[in-house]
Amino acid sequence: MYNYKKALNLFEKLDCIVLKDEPMSNHTSFKIGGPADLFIEINTEAALLETIKILNEFSILFFLLGNGSNLLVRDVGFKGAVLKLSKNFKNIRLTERKKIICGAGISLSKLCLFAENNALSGAEFLWGIPGTVGGAVFMNAGAYGREIKDIIVSSVHITKQGEKVELNKNQMDLSYRHSIYSKTKDIITSVEFELVESNQLHIREIMDNLIKQRKSKQPLDYPSAGSVFKRPSGNFVGTLIEECGLKGKTIGDAKVSEKHGGFIVNLGNATCQNVLDLIELIKSTVFEKTGILLEPEIKVL
Ligand SMILES: Cc1cc2nc3c(=O)[nH]c(=O)nc-3n(C[C@H](O)[C@H](O)[C@H](O)COP(=O)(O)OP(=O)(O)OC[C@H]3O[C@@H](n4cnc5c(N)ncnc54)[C@H](O)[C@@H]3O)c2cc1C
């Protein structure tokens, strides 16, 4: 047990917003998850460094949350501190060489709009992915044949010991839905991107087309965390799940989407356990019928 009260007093002196017993269902796109002992929204790098120091001092476990759009939080919640990057971590600017540098807490949609406003092309595929830049780099998010690694120049992170480190793209071990951060769990604070000069109308046209495709294929009217599984090589998850007769399968309020078999949706009151049970059912059925072992893409806290 950690000295909760003492730590809390220290956090409240920093440039942070601190909430106690905060339901994580308020912070995940699945709308699922029990309470986090502490939920700390951090506004500045100085406050982040102090926060890490205090967490280490009191041996408090912590987890860095992006926009919670690839995340399933257990019903019992999280015994520790969930950190969220806010304010200064949402800044974005253009360098003299027309590269974009932004805080890791900014949304991908803001990054896309900034690129569009500056007539820079290459980030359009991220339009419609409901994550933050930090979460997208951690996951090496991608869509429509592109990945965020295609446009990254470098990232800056803070280690669990409070050191600030810059990595260039080649040091980030970026591959399909993977980055070095999946191993180190360091906190990405900012990212630099390189795009190409283009025409604003053309960029808008690409973004509009991609969002149309998303709306027609994905169940965006229900809470979810996007594709539950990674794409197995040579196959599409949605097709495999459909061919195994699992579309529409329901456990509690968790349901395999009728619109896209790769999505599990929350019909209203799904628990984390409902989703985990459905994931296991999908995995075992698909393995039995096809010999393919599906690997979850979503993270479980
Ligand atoms: C409707 C819908 C559609 C989606 N479509 C796509 C898609 O087309 N392509 C795709 O790739 N994904 C898609 N996703 C999944 C999700 O949006 C992405 O994986 C996104 O990149 C996750 O970002 P996040 O900020 O929400 O991260 P979170 O879900 O909050 O966190 C994911 C992981 O990243 C880590 N993390 C977050 N921020 C940081 C940081 N600053 N430093 C270190 N670690 C961090 C977290 O600790 C966690 O382990 C979709 C999700 C939904 C709900």
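The values are calculated or read from the model by the stated rules, or taken from the named source; none is laboratory data. Small disclaimer: the values here were computed from a predicted structure and weren't measured. Glycine gets a Cβ as well: all are built from the backbone with ideal geometry, and neighbour counts include every protein chain shown.
Being closer than 26 Å to Val76 by Cβ, free of Cβ contacts under 8 Å to residues at least 24 places away in the same chain and either outside the structural domain of Gly128 (by TED's automatic domain parsing) or of a type in the set (S, T, N, Q) (or both), is that true of even one residue in segment 271-281?
Here is the first cut: in segment 271-281, the ones closer than 26 Å to Val76 by Cβ are 271-281.
From what is left, the residues that are free of Cβ contacts under 8 Å to residues at least 24 places away in the same chain are 274, 280.
Checking which are either outside the structural domain of Gly128 (by TED's automatic domain parsing) or of a type in the set (S, T, N, Q) (or both) leaves us with 274, 280.
Yes: segment 271-281 contains one or more residues that are closer than 26 Å to Val76 by Cβ, free of Cβ contacts under 8 Å to residues at least 24 places away in the same chain and either outside the structural domain of Gly128 (by TED's automatic domain parsing) or of a type in the set (S, T, N, Q) (or both).
Considering every residue within segment 215-237, establish whether at least one is within 15 Å of the chain's Cα centre (by Cα), under 25 Å from Lys299 (Cα atoms), assigned by TED's automatic domain parsing to the domain that holds Arg97 and more than 10 Å from the ligand (Cβ to nearest atom). Please lay out each step first, then the result.
Within segment 215-237, the first condition is being within 15 Å of the chain's Cα centre (by Cα), and the residues that meet it are 223-230.
From what's left, under 25 Å from Lys299 (Cα atoms): 223-230.
Then keep just the ones that are assigned by TED's automatic domain parsing to the domain that holds Arg97; that gives none.
No, every residue in segment 215-237 fails to be within 15 Å of the chain's Cα centre (by Cα), under 25 Å from Lys299 (Cα atoms), assigned by TED's automatic domain parsing to the domain that holds Arg97 and more than 10 Å from the ligand (Cβ to nearest atom).
Assess whether Ser175 counts as being surrounded by 15 or more Cβ atoms within 10 Å (Cβ to Cβ), of a type in the set (S, T, N, Q), touching a residue at least 24 places away in the same chain (Cβ under 8 Å) and more than 8 Å from the ligand (Cβ to nearest atom).
Working: surrounded by 15 or more Cβ atoms within 10 Å (Cβ to Cβ): no; of a type in the set (S, T, N, Q): yes; touching a residue at least 24 places away in the same chain (Cβ under 8 Å): yes; more than 8 Å from the ligand (Cβ to nearest atom): yes.
When the stated conditions are applied, Ser175 does not pass them.
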Quick check: is even one residue across segment 23-33 surrounded by 19 or more Cβ atoms within 10 Å (Cβ to Cβ), within 15 Å of the ligand (Cβ to nearest atom) and in a strand (DSSP E or B)? no
All but one of (1) under 20 Å from Arg177 (Cα atoms); (2) at pLDDT 95 or above; (3) within 16 Å of the ligand (Cβ to nearest atom); (4) not aromatic (Phe, Trp, Tyr) hold for Val256, so report the exception by its number. (1)
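Which of the residues belonging to segment 99-111 are assigned to a helix (DSSP H, G or I), more than 8 Å from the ligand (Cβ to nearest atom) and touching a residue at least 24 places away in the same chain (Cβ under 8 Å)? Talk me through it step by step, then tell me what you get.
Within segment 99-111, the subset assigned to a helix (DSSP H, G or I) is 108-111.
Filter once more, so that each one left must be more than 8 Å from the ligand (Cβ to nearest atom): 109-111.
Matches in segment 99-111: Leu111 only.
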Within segment 198-214, restricting to residues that are within 13 Å of the ligand (Cβ to nearest atom) and out of contact with any strand residue (DSSP E or B) (no Cβ under 8 Å at 6 or more places or on another chain), the one that is farthest from Gly262 (Cα to Cα) is Ile211
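If you scan segment 43-59, which residues turn out to be free of Cβ contacts under 8 Å to residues at least 60 places away in the same chain and under 20 Å from Tyr181 (Cα atoms)? Steps first, answer last, please.
In the first step, residues of segment 43-59 are kept if they are free of Cβ contacts under 8 Å to residues at least 60 places away in the same chain; the result is 43-44, 46-47, 50-51, 54-55, 57-59.
Once the filter is applied, which keeps residues that are free of Cβ contacts under 8 Å to residues at least 60 places away in the same chain and under 20 Å from Tyr181 (Cα atoms), segment 43-59 yields Thr51, Leu55.
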Are there any pairs, at least 6 apart or on different chains, whose C-beta atoms fall under 9 Å, with the first in segment 61-75 and at positive phi and the second more than 6 Å from the ligand (Cβ to nearest atom) and assigned to a loop (DSSP other than H, G, I, E, B), and if so, which? Gly68/His27; Gly68/Thr28; Gly68/Phe30; Gly68/Gly33
Kindly check whether there is at least one residue in segment 121-136 that is buried (at least 22 other Cβ atoms within 10 Å of the Cβ), more than 10 Å from the ligand (Cβ to nearest atom) and among the small types (Gly, Ala, Ser). yes
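Among the candidates Ile92, Ile158, single out the residue that is within 13 Å of the ligand (Cβ to nearest atom) and aliphatic (A, V, I, L, M).
Details: Ile92 fails: within 13 Å of the ligand (Cβ to nearest atom).
Only one candidate qualifies: Ile158.
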Would you confirm, using the coordinates I've provided, whether Ile211 is among the hydrophobic types (A, V, I, L, M, F, W, C), within 26 Å of Lys87 (Cα to Cα) and at pLDDT 95 or above? no
Looking for something farther than 19 Å from Cys272 by Cβ, hydrophobic (A, V, I, L, M, F, W, C) and buried (at least 20 other Cβ atoms within 10 Å of the Cβ) - is there at least one such residue anywhere in segment 88-95? yes
For segment 54-78, name all the residues that are within 16 Å of the ligand (Cβ to nearest atom) and not in a loop (DSSP other than H, G, I, E, B). Leu55, Phe62, Phe63, Leu64, Leu65, Leu71, Leu72, Phe78
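Could you identify the single residue in Glu96, Glu116 that is over 30 Å from Gly34 (Cβ atoms) and not in a loop (DSSP other than H, G, I, E, B)?
Numbers: Glu96 fails: not in a loop (DSSP other than H, G, I, E, B).
Every option except Glu116 fails the conditions.
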